[in-house]
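What follows is one structure encoded as structure tokens, with my remarks underneath.
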Amino acid sequence: MDRLPGFRDFYPEPLPHSDLWSADARQYIFDKWRSAARRYGFREYDGPPLEPLELFTTKSGEEIVGQLYNFTDKGQREIALRPEMTPTLARMVAAHERNYKKPIKWFAIPQLFRYERQQKGRLREHFQLNADIFGESDVAADAELIALLIDTLRSFGLTSKDFVIRLSSRNAWQSFYDDAMQKTGHQGANEYEFFQIIDKLERTDPSEAEKKLSALGFALADVNIFIAAGKPTPELEAILTNLAARGLGEFVKVDYHVIRGLAYYTGVVFEAFDVKGEFRAIAGGGRYDNLVKLISGGKASLPALGFGFGDVVLLELLKARGLLPKFDAKLDVFVLIEDENLRAPSLKLVHNLREAGQTVDYSLTPARPDKQFKRAQELNASFTAKLENASAVRVKNLSTRAEKTGSPDEAVRLLADC
């Protein structure tokens, strides 16, 4: 029986073959994500993988249902597996924001699910670093969030030769749209459609884009001139200055191709891309000041911004750049039990070493000494430990072949000295 299409099995290293997914690589990414977020003062939260379907349709409209794993549960509730984390977070913040000092800086590493066509860099599930700030409207918060994204990418060994943060503004595009509407006399009923066209501009044939824009009263040439000029708005200037002060200016550029098609973005938006253009967007986010109010039905209102940073494209990028470390199975100590009369005190030795923080294994059942030693080598053990008798243990360094003998209570010190 095989797994469902678009889902992954994660195996411990070494992998049986190269097209399997590594549980060790996944944990490596999680550790880097958590470390970077915590260095920036973000606190970890989590929420349920199942939510009311209405939570997602409220945010994104009924059209999102076609992309979801959704069903009616036994209580006749309309339910969906979460396709993103932000609606859950907005619900949580709206419920208890009065109990937290502002700004609220939280992060999570959820597994997310979307029923959509599989393609390179996109599966039907993935893990994602979500980092969000609530309760701060100043663009200093936008700069802080972008700096976190940059430093998280850098923590994997990626440099400005590998990735760039493309910075844009929904406010700049809104001004462009409003000015054009005023000049042409068109009504603004097709605003969302316009933003959708711009969001897909780099992936659309120019003649098709021209046709779609013309139908809304726009000229592709005018759009291209606006993008090419790349004139930063005051809010973008402030962010660029902030990042430059940190020494991160080389990682970011203004690029009005980025617009983020989701309707709820309200200000600065950004996406991380690999410089060579070989992969999908690595991460993306922006400001969404109206979402808490929308999700809470007007009971709470907080400015907010955040980003999502998925594991699938990141893994592809790290593999392509040769930046994934080698994940060898590693054992500190293998305890040899060559005399079954010493099994009970050997088990005590195993337990004491584990309590001291050592990674320890041993043969669960009686086995020949040569078979046990072979198992120690298979597990890439650094040391073996063997009771000579109930009051003496011999420790051996498998790299240097050095040996030390002492009482079982001295085993940890013997390991350090051997």
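The values are calculated or read from the model by the stated rules, or taken from the named source; none is laboratory data. Small disclaimer: the values here were computed from a predicted structure and weren't measured. Heads up, the Cβs are rebuilt from the backbone with ideal geometry, glycines too, and the neighbour counts pull from every protein chain shown. What goes into the accessible areas is simple: the full protein's heavy atoms, side chains included, and nothing from ligands, DNA or RNA. Shrake-Rupley method; radii C 1.70, N 1.55, O 1.52, S 1.80 Å.
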Checklist outcome for this item: Of the accessible area of the chain, computed with a 1.4 Å probe and all protein chains kept, carbon and sulfur make up a percent value of 49
Checklist entry - Out of the DSSP beta bridges found with both residues in the chain, what percent are antiparallel (nearest 5)? => result 75
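Of R3, R368, R122, R260, which has the most accessible area with a 1.4 Å probe, and how do the rest follow in descending order?
R368, R3, R122, R260
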Checklist outcome for this item: Given Cβ charges of +1 for Lys and Arg and -1 for Asp and Glu, the option among G322, Y28, T400 whose Cα lies farthest towards the positive end of the dipole of the chain is T400
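Relative to the present Cα-Cα distance, how much length would full extension add between A367 and Q119 at 0.36 nm per residue of separation? Don't jump to the answer; show the numbers that get you there.
Working: separation 248, 0.36 × 248 = 89.28 nm, distance 4.89 nm.
This chain segment gains 84.4 nm when fully extended.
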Next on the checklist: Quick check for you: with a 1.4 Å probe and neighbouring chains kept, what is the accessible area per residue of the chain, in Å²?
Outcome noted: 50
Checklist entry - Taking the Cα centre of region 60-205 as the origin and placing charges on Cβ (Lys, Arg +1; Asp, Glu -1), which of A143, M181, Y115 is farthest toward the positive end of the dipole? => result Y115
Checklist entry - Of A221, P206, A238, which is farthest along the charge dipole of region 156-272 in the positive direction, counting Lys and Arg as +1 and Asp and Glu as -1 at C-beta? => result A238
Item to check | Rounded tilt (10° steps) of 369-378 against the dominant C-alpha axis of the chain | outcome: 20
Next on the checklist: With +1 on the Cβ of every Lys and Arg and -1 on the Cβ of every Asp and Glu, and nothing else charged, how large is the dipole of the chain about its Cα centre, in debye rounded to the nearest 20?
Outcome noted: 720
Next on the checklist: Can you give the FRET efficiency to the nearest 0.05 for D46 and D178, using r as the Cβ-Cβ distance and R₀ = 51 Å?
Outcome noted: 0.80
Next on the checklist: Angle check, please: helix 220-229 long axis (alpha carbons) against the longest principal axis of the chain (alpha carbons), in degrees 0 to 90, nearest 10.
Outcome noted: 60
Next on the checklist: List the trypsin sites (Lys or Arg not before Pro) within region 42-92 that DSSP assigns to loop and that have no more than 11 neighbouring Cβ atoms inside 10 Å.
Outcome noted: K74
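To the nearest 20 debye, what charge dipole does region 54-129 have about its Cα centre, counting +1 at the Cβ of each Lys and Arg and -1 at the Cβ of each Asp and Glu? The partial results should precede the final answer.
Values: 14 positive and 9 negative charges, 81 e Å.
In total the dipole reaches around 380 debye.
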Checklist entry - Given H placed 1.01 Å from N in the peptide plane, which residues other than close sequence neighbours of V268 have an amide H under 5 Å from its amide H? => result R170, R287
Next on the checklist: For a protection proxy built on the mean count of beta-carbon atoms within 10 angstrom, sort 165-175, 298-308 highest first, please.
Outcome noted: 165-175, 298-308
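How fast does region 315-418 diffuse by Stokes-Einstein, in µm²/s, taking the Kirkwood radius from C-alpha pairs at 20 °C and 1.002 mPa s?
Reported coefficient: 148 µm²/s.
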Checklist entry - What does the charge dipole of region 199-299 about its Cα centre add up to, to the nearest 20 debye, if the Cβ of each Lys and Arg holds +1 and the Cβ of each Asp and Glu holds -1? => result 380
Checklist outcome for this item: Most packed first (mean Cβ within 10 Å per residue), the peptides 375-382, 128-135 order as 128-135, 375-382
Item to check | By average C-beta atoms within 10 angstrom, highest first, the peptides 388-394, 27-33 | outcome: 27-33, 388-394
Item to check | Percent of alpha-carbon pairs separated by more than 39 Å within the chain | outcome: 36
Checklist entry - Could you give the length gained on full extension between A215 and D409, defined as 0.36 nm per residue of separation minus the Cα-Cα distance, in nm? => result 61.6 nm
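Can you show me the helix-derived [θ] at 222 nm for the chain, built from DSSP H runs with n ≥ 4 at -39,500 (n - 2.57) apiece and divided by the number of residues, rounded to the nearest 500.
Numbers: 14 runs with 153 residues, N = 418.
The helix-only estimate for the chain comes to -11000 deg cm²/dmol at 222 nm.
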